[in-house]
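Colleague: First the structure, which I've put down as structure tokens, then a few questions once you've had a look.
Only the coordinates and a few stated rules stand behind these numbers; no lab work does. Every value quoted in this text rests on a predicted model; they were computed, and no experiment measured them. Virtual Cβ from ideal backbone geometry, glycine too; neighbours counted across all protein chains shown.
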Amino acid sequence: MFCALPLVLGNLLFVLQYEDTNLPIAGYYSVVGRSIVIHGTDSSRWSCADLVWDAAEMGGRLIQAQAKFTGEIVGDIVFVST
């Protein structure tokens, strides 16, 4: 699975890409429906978002889920499984 993380904090833009072969977004152990929390350096919670279905094309190859952050931290975390 491929994960792209474009996040904005103040005037800073973070764009990260990460590939995880053991984080399912479909099936029994799916992470969809769980929350993603971003913590500060002092372990305080800055922002959180729920991971929900964005698009699902099960018959084809694309399965996608997304977490949207608003507030002090703005951005999306997109999970794509091909």
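Colleague: Taking a ≥ b ≥ c as the square roots of the Cα gyration tensor eigenvalues, with a/c under 1.5 meaning rounded and otherwise prolate when a/b beats b/c, else oblate, which class fits the stretch 12-54?
Modeller: prolate
Colleague: Within 10 Å, count the other beta carbons around each residue, average over each peptide in 64-76, 32-44, and list them highest first. The partial results should precede the final answer.
Modeller: Details: 64-76: 15.9, 32-44: 10.3.
Packing proxy ranking, top to bottom: 64-76, 32-44.
Colleague: Hey, with R₀ at 30 Å, roughly what FRET efficiency would Asp50 and Thr21 work out to, going by the Cβ-Cβ distance, to 0.05? Write down the numbers at each step before the final one.
Modeller: Details: r = 24 Å, r/R0 = 0.79.
Efficiency, from the Cβ-Cβ distance: 0.80.
Colleague: While we're looking at this one, here's another question. Please give me the summed charge of the neighbours of Thr70: other residues whose Cβ is under 13 Å from its Cβ, Lys and Arg +1, Asp and Glu -1.
Modeller: -2
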